[in-house]
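Step one of this worksheet: look at the structure below.
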Amino acid sequence: DTAGDPSQQEAKQREAEIRNTILAQVLDQAARARLSNLALVKPDKAKAVENYLIQMARFGQLPGKISEQGLIEILEKVSQQTEKKTTVKFNRRKVLDSDEEDDY
């Protein structure tokens, strides 16, 4: 198990470097700063935005570097997609105290 651990860490490090390289190519400085701030507060949402940007970059769907305003629009899209709907469900339990059945 310990022999496989360094190779896994190395693979994760390579993946992180590739992600950072792609993000550096598609985001301008202000947008990268905003994404870094978001990662500190909401890492899951930042990861979702990063995945979205990387996917768009791989398919050539990005027109050029994304500005901070463009990143904000993408954040809003991702927020709408991942928005959790809160529902309240009442589970009414029947009371076992019934006059009809006497278990004496």
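Taken over the stretch 46-71, residues that are outside any helix (DSSP H, G or I) and either modelled with pLDDT of 90 or more or not basic (Lys, Arg) (or both) amount to 8. Residue 7 meets the conditions (1) touching a residue at least 24 places away in the same chain (Cβ under 8 Å); (2) hydroxyl-bearing (Ser, Thr, Tyr); (3) open to solvent by 40 Å² or more (accessible area, probe 1.4 Å) in every case but one. The failed one is (1). With respect to the stated conditions, residue 12 fails to be open to solvent by 80 Å² or more (accessible area, probe 1.4 Å), within 17 Å of the chain's Cα centre (by Cα) and basic (Lys, Arg).
Selection of the stretch 24-51 for residues being without any contact (Cβ under 8 Å) to a residue 12 or more places away in the chain and surrounded by 15 or more Cβ atoms within 10 Å (Cβ to Cβ) yields 32, 39, 46. For the stretch 1-45, filtered to residues that are among the β-branched types (Val, Ile, Thr) and part of a helix (DSSP H, G or I), the residue that is modelled with the highest pLDDT is 41.
The values are calculated or read from the model by the stated rules, or taken from the named source; none is laboratory data. Fair warning: this is a prediction, and the values are worked out from it, not measured in the lab. Note that each Cβ is placed from the backbone with ideal geometry, even for glycine, and that neighbours are counted across all protein chains shown. Accessible surface is based on the protein model in full, side chains and every heavy atom, while ligands, DNA and RNA are left aside. Shrake-Rupley method; radii C 1.70, N 1.55, O 1.52, S 1.80 Å.
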